[in-house]
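Trainee: Got a structure here, written out as structure tokens. Questions coming.
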There are 2 protein chains.
Amino acid sequence: MAIVCVGSIALDTVKTPFGKVREKLGGSATYFSVAASFFAPVSVVAVIGSDLKDAKLAPLKARGIDLRGIERRKGKTFRWSGEYSYDLNVRETIETHLNVFEEFDPVIREELRGFPFVFLGNIDPDLQHRILDQMISPRLVVTDTMNYWISGKRDSLIKLLSRVDILVINDAEARELSGEYNLLASARWIIDRGPQTVIIKKGEHGALMFRGRSFFSAPGFPLDAVFDPTGAGDSFAGGFVGYLAKTEDLSEDNLRRAVIYGSTLASFTVEEFGVDKLLELATDDIEARVRNFRELTHFDL
Amino acid sequence: MAIVCVGSIALDTVKTPFGKVREKLGGSATYFSVAASFFAPVSVVAVIGSDLKDAKLAPLKARGIDLRGIERRKGKTFRWSGEYSYDLNVRETIETHLNVFEEFDPVIREELRGFPFVFLGNIDPDLQHRILDQMISPRLVVTDTMNYWISGKRDSLIKLLSRVDILVINDAEARELSGEYNLLASARWIIDRGPQTVIIKKGEHGALMFRGRSFFSAPGFPLDAVFDPTGAGDSFAGGFVGYLAKTEDLSEDNLRRAVIYGSTLASFTVEEFGVDKLLELATDDIEARVRNFRELTHFDL
């Protein structure tokens, strides 16, 4: 089944203890769509400036991602720069220039409105509402958010929760949103406001999925080298939603598998800058790491 | 099979965001022995001062723990006080008074020297060497350590590694010992110096076990309330070694189960101050939580 992904396309300048890149293609829509494209058709809705060369998007096109929903506006593309210390869970934003992204307010074209799977990347909750207004009874709505909206657009975000099936959020954000330090309490607070399922991402420590009274823990994959954590969360969401769209099965068992597929895509993303590692993956690589995840966590009683 | 545990008995004064206790029975030997006593016979080798009343140790005696190896010396019992902030992974030591523990240098009594399972709690590595010198070909030696010895007795500690089967250590200590930030690299560094198996404890994020090229990840158990993390690591070790001593099986599969039993005992410990929660457990409670751990991590491919 097909996925609509609404999010950002950015040019990222990133410094980590292991290297530096300038104006690398990034943004939530980029990471999500590349990760999801291994599993299902993806249409991207985003905005870029007149400065972003077509060649930059060629790798996405080559993966069969539908880019017709990317609006090109006069002006500059969204730019972000950040730096990670040795503890790669902590990052410092050096600069954020929203540029054309500041006025992003997309009209979803007719043929995408009936798409069954919707992913709303980390954008203004007001915008997330307006996008959902345009969709015709999607089967699954998954959203992300960030601290900026939790503090700045809290009411809109909380209203959004009642329209969302699955919220994907990191641990610090879950705590900030709920006002609860305990992650179990945070998850319950969120679930009480609408989403049937909450996934709390914990960086190198993996992810927790909460559904009603059940919870599932997926570890971070132990890697020899974590090169650049940028995009790990959106790659997780891409693998997760992509796998669900491919399998068309929203049972608890399949959601668990989807979390592992999401974790797998995230674990590849952080091994290189940008989506470089994802672009060189074959389906076999993904399946092999999914089996490694099982080996990593499996025990018999 | 029987276990000898050499470690500290302390009176802990602990403040957490959820409450405070004064001079609560603690120390590595206390947490370890209570946790292990659910699985196998445990003999404790430790030292206490003339101020520690027998009644304080009565709960351990009631659990069948052999306390004859506890030497009572003139002077005061080891006292530690610490405080935890909301992020319970971070603790601040307020005071440490080693008192009689400072001159702890035990002679292991004859009948314990042939015991097959040996746990050396976090004590001076020189002392850990002298204890191993007294043991007669133990089947399994498991040790803990801490940052104080990593910086202060580095050479002795590194020599000790070649005499140890399993090192249990927390993530910050593994990084400090190895000089490697990456946990996989840290574990390899340690394994290259002797232990066949390294378990890296990550507090609320669970534990990783490394053996040769294989690794196993156990999550932290999501709890409604973490009351006091003191003793979680030693309770982990107690459940882990206890389960191995009970089952007498050192295969990879069984070591994985033992990590889950260790994680289970640790998860109970943090629900109350001291060993209070452990003392009220029945075997059924432990088995139920072990099954919950399986439910928490299980997925089918």
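The values are calculated or read from the model by the stated rules, or taken from the named source; none is laboratory data. Only a predicted model underlies this, so the values are computations on that prediction, with no experimental measurement involved. All Cβ positions, glycine included, derive from the backbone under ideal geometry; neighbour counts span all protein chains shown.
Trainee: Considering each of B:L60, B:L25 in turn, give the residue that is aliphatic (A, V, I, L, M), under 22 Å from B:P106 (Cα atoms) and not in a strand (DSSP E or B).
Mentor: Just a single option satisfies the conditions, and that option is B:L60.
Trainee: Hey, another quick one. Among the residues of the range B:282-297, is there at least one that is within 20 Å of A:N182 (Cα to Cα), at the interface with chain A (Cβ under 8 Å from one of its Cβ atoms) and either of a type outside the set (S, T, Y) or touching a helix residue (DSSP H, G or I) at 6+ places or on another chain (Cβ under 9 Å) (or both)?
Mentor: yes
Trainee: Of everything in the range B:136-155, what is touching a Gly at 6+ places or on another chain (Cβ under 8 Å) and hydrophobic (A, V, I, L, M, F, W, C)? Give them in sequence order.
Mentor: Result: B:I136, single match.
Trainee: A further question on this structure: Can you tell me how many residues within the range A:89-115 are surrounded by fewer than 17 Cβ atoms within 10 Å (Cβ to Cβ) and either at pLDDT 95 or above or within 23 Å of A:V42 (Cα to Cα) (or both)?
Mentor: 7
Trainee: Suppose we keep only residues that are part of a loop (DSSP other than H, G, I, E, B) and aliphatic (A, V, I, L, M) within the range A:277-289. Which one would you say is surrounded by the most Cβ atoms within 10 Å (Cβ to Cβ)?
Mentor: Per the criteria, the residue is A:L281.
Trainee: Picking from A:V14, A:V47, which residue would you name as being among the hydrophobic types (A, V, I, L, M, F, W, C), touching a Phe, Trp or Tyr at 6+ places or on another chain (Cβ under 6 Å), in a strand (DSSP E or B) and buried (at least 19 other Cβ atoms within 10 Å of the Cβ)?
Mentor: The match here is A:V47.
Trainee: I want to confirm something. Restricting to the range B:217-254 and keeping residues that are surrounded by fewer than 23 Cβ atoms within 10 Å (Cβ to Cβ) and under 16 Å from B:L167 (Cα atoms), which single residue is farthest from the other protein chains (Cβ to nearest Cβ)?
Mentor: That would be B:L250.
Trainee: Can you name the condition, by its number, that A:V118 falls short on among (1) closer than 19 Å to A:I199 by Cβ; (2) at pLDDT 95 or above; (3) over 15 Å from the mean Cα position of the chain (by Cα); (4) outside any loop (DSSP other than H, G, I, E, B)?
Mentor: The failed condition is (3).
Trainee: Those residues that are part of a helix (DSSP H, G or I) and surrounded by fewer than 20 Cβ atoms within 10 Å (Cβ to Cβ), I need them from the range B:258-276; list them, please.
Mentor: B:D276, the sole residue that qualifies.
Trainee: Follow-up. Any chance the range A:64-77 includes a residue that's modelled with pLDDT of 95 or more, buried (at least 16 other Cβ atoms within 10 Å of the Cβ) and among the acidic types (D, E)?
Mentor: yes
Trainee: Here's a follow-up. Where the second residue is of a type in the set (G, A, S) and surrounded by fewer than 17 Cβ atoms within 10 Å (Cβ to Cβ) and the first is within 11 Å of chain B (Cβ to nearest Cβ) and lies in the range A:178-195, which pairs have Cβ atoms under 8 Å and are six or more apart or on separate chains?
Mentor: Going by the 8 Å Cβ cut-off, the qualifying pairs are A:N182/B:A225.
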